[in-house]
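Here the structure is laid out as structure tokens; the discussion comes afterwards.
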């Protein structure tokens, strides 16, 4: 069986200085798959690159030499000295590599467990490998199995259903209070990273009415353009309170930008229609006393942090179930890998039977020159059917025995019974090519 290997580094093994260089490489268009033809000891090759992870998945009949070539390729790609890179690298082989890939796709190895982006990144990397024709029988099968394992983890566990970021928790909290968010109007005060993440989550929940207010207009316009929102002057945020349902604040102000008195005045104009504030700024943007106003609900970052911690614990529980799924799927993939070891013998057996069938058929047809084309086709189909049915049980027998440690004994016996070891040169080259396809 052709060994499967994985060499890489991620947020757990690489310090932030290295990861910053990873982020730069992510934006680089250089594709190491284009160098595949130079790797003499690497058969199939797959490359995954994100801002927190770089991994090469490959097959090689010479694992040590293949690993050395891929390591050199990785060093060149990242432009990081080998002595700096070495402590950051991890290496897996065979089932450990398979299990690791399954865990990555299921988001069990991500910085935020359960995040959905990684599977899309793996699919994109697979398409890129397809363009370069660097994946074959083994990695094609492994990557398709990886997609189905990740899908199974998503459908059978709740690993992605609990908010584990402040921005996501804020949006989830709004959804729990209002139910459907599609008809709600949202005001984002501040245009930093937290507001951007919140806008992304609001958009995913179907919100299509968002306004952005920021002291720096350019930042507000940039955020609004990305998320199909409108901008309003920062000085008009009090007026906006009369028409919005949800207000999320994340400014860098040292003093509150919304006071109890200001909010209470605007609530009269709303006729006490509920207003939901999410203050994720530190220091806080909204006076705590605002929460005492009727029909006003105020949550700050401490409230949301508690939700996040509870959800992290919930995801850890779901991760245990996901790990069980991955272990089971790794065993199933190993069973398929083992069948590859008997494939060359099965190919040789089919080839010999087909050679005999064609030879005997030609002799027979030579003595029946008056047969019509219809009769000739009928005899062709008949002989093919006889051969296929005769080979069915021996092939099934070999596939079943491929799961045993003693499979080589059954392979040897099959080759002796059918004299496959006495093959001609053409058959020998066929078997050799089948071995390389492992």
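For the residues 73, 142, the requirement of being assigned to a helix (DSSP H, G or I), in contact (Cβ under 8 Å) with a residue 12 or more places away in the chain and closer than 14 Å to residue 48 by Cα singles out 73. From the list 65, 34, the one residue that fits, being over 21 Å from residue 97 (Cβ atoms), assigned by TED's automatic domain parsing to the domain that holds residue 128 and at pLDDT 85 or above, is 34.
Screening segment 111-133 for residues that are surrounded by fewer than 21 Cβ atoms within 10 Å (Cβ to Cβ) and over 21 Å from residue 31 (Cα atoms) and picking the one that is modelled with the lowest pLDDT gives 112. Only one of the numbered conditions (1) in contact (Cβ under 8 Å) with a residue 12 or more places away in the chain; (2) more than 30 Å from residue 242 (Cβ to Cβ); (3) surrounded by fewer than 19 Cβ atoms within 10 Å (Cβ to Cβ) is not met by residue 315, and that is (3). Taken as a whole, the structure leaves residue 113 outside the set of residues that are within 20 Å of residue 340 (Cβ to Cβ), in contact with a helix residue (DSSP H, G or I) (Cβ under 7 Å, 6 or more places away or on another chain) and assigned to a loop (DSSP other than H, G, I, E, B). Within segment 209-218, does at least one residue satisfy the condition of being buried (at least 16 other Cβ atoms within 10 Å of the Cβ) and over 17 Å from residue 194 (Cα atoms)? Taking every residue of segment 209-218 in turn, at least one turns out to be buried (at least 16 other Cβ atoms within 10 Å of the Cβ) and over 17 Å from residue 194 (Cα atoms). Note on segment 167-200: residues that are closer than 14 Å to residue 250 by Cβ and assigned to a helix (DSSP H, G or I) total 13. Of the listed requirements (1) outside any loop (DSSP other than H, G, I, E, B); (2) at positive phi, residue 206 misses just one: (1).
The values are calculated or read from the model by the stated rules, or taken from the named source; none is laboratory data. Bear in mind that the values here come from a model prediction, so they are computed numbers and not experimental data. Neighbour counts are summed over all protein chains in view; Cβ atoms, including those assigned to glycine, are modelled from backbone coordinates with ideal geometry.
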